[in-house]
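Have a look at the structure below, then the notes.
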Amino acid sequence: MAETTAQTPAQPTAYADSTPDPDPPPGSLITRDGQLQWAGLLMGPGTAYEIDRGGLTGWEDLPDFDTGDADHPTAHGAWAGARYAKPRRIGVTVWTLPETTSSPRSALTATRVLRQALLLADEERWLAVRLHGETLAVRARVSQRVLAADRVYATQGVSKAAVQWYATDPRRYLVGEQTAVTGPPQPESGLSWPLTWPLYWGQTVSTGDVVAANDGSAPTHPVITFSGPCVNPTVTDRTTDRRLRYTIRLAAGDQLVVDTGAGTVTLNGTASRRHTAAPDSGPEELFALAPGGAQLAFRPDDFGSGAQMSVRWRSAEW
């Protein structure tokens, strides 16, 4: 099977998560710069929910971080340690501008829509923003909502809402999901006898390698799917030498899905198989695509016709 790489529109599933998402794909409702999409609600220019001139806070900022720096006990300075970003907080002020401000029902409808979108919930949803033609999205939850019930709202139906979201994953993702697929490496057919000029060495069916390009500034976690029939599926990142290897036999039709962001390994969508990780396999959570991308090599111990590895990811920005 030849290697293929494609970029597809965002699908209605959470990135690095197999849980169905009831909302439209991130950014799918956005039509112009300055618009914001949250939980199926579009805000910004051209909508009944105008964003205040102060814009977004916390969107382009580097998130706070924890550091593993350790002070030198007998010298100046410290030993540099790893840095891990904390969750991101995003804030915005929105003005509700119903189509007919003289109609109390229209004002109430606009407010009720805002209430229903900005509610307390356990699950994270997509928050997408488009600026200068670029649409980025994070998974977040509403952490604060302040709806003003002042005289202007009571008499004119125009209300001011202060909203804050909390994104446990601070990275912002490009909404276009990319996919790369390869089969195991296949040898060339070689020379045919008797030899004739020009010599034909055959064509490589599959090298077993794919390039996963991360065009952002932050590492991103892919979702890797091994499809049978194959034995002990293995993937190695040639740029970092990190490896994921599982001692399992996959029959034809079996799929082993490795969600590196969530740290899960699932067989056929139901059974956990993380315990099949081989001793030389690294932690799933550390298998991330660095900015610039990676070359991933699919190397099962044995395989049959139809075996393949597919990789899904989104480029990520800080």
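The values are calculated or read from the model by the stated rules, or taken from the named source; none is laboratory data. Just so it is clear, the structure is predicted and the values come from calculations on it, not from any experiment. Don't worry about glycine lacking a Cβ; one is built from the backbone with ideal geometry, like all the others, and counts go over all protein chains shown.
Numbers at a glance
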item: Members of region 220-250 that are more than 29 Å from GLY176 (Cα to Cα) and in contact (Cβ under 8 Å) with a residue 24 or more places away in the chain; result: PRO229, CYS230, VAL231, ASN232, TYR246, THR247, ILE248, LEU250
item: Test for GLU188: is it surrounded by fewer than 13 Cβ atoms within 10 Å (Cβ to Cβ), assigned to a loop (DSSP other than H, G, I, E, B) and at pLDDT 90 or above; result: no
item: Enumeration of residues in region 240-255 that are of a type outside the set (A, V, I, L, M, F, W, C) and over 14 Å from ASP280 (Cα atoms); result: THR240, ARG249, GLY253, ASP254, GLN255
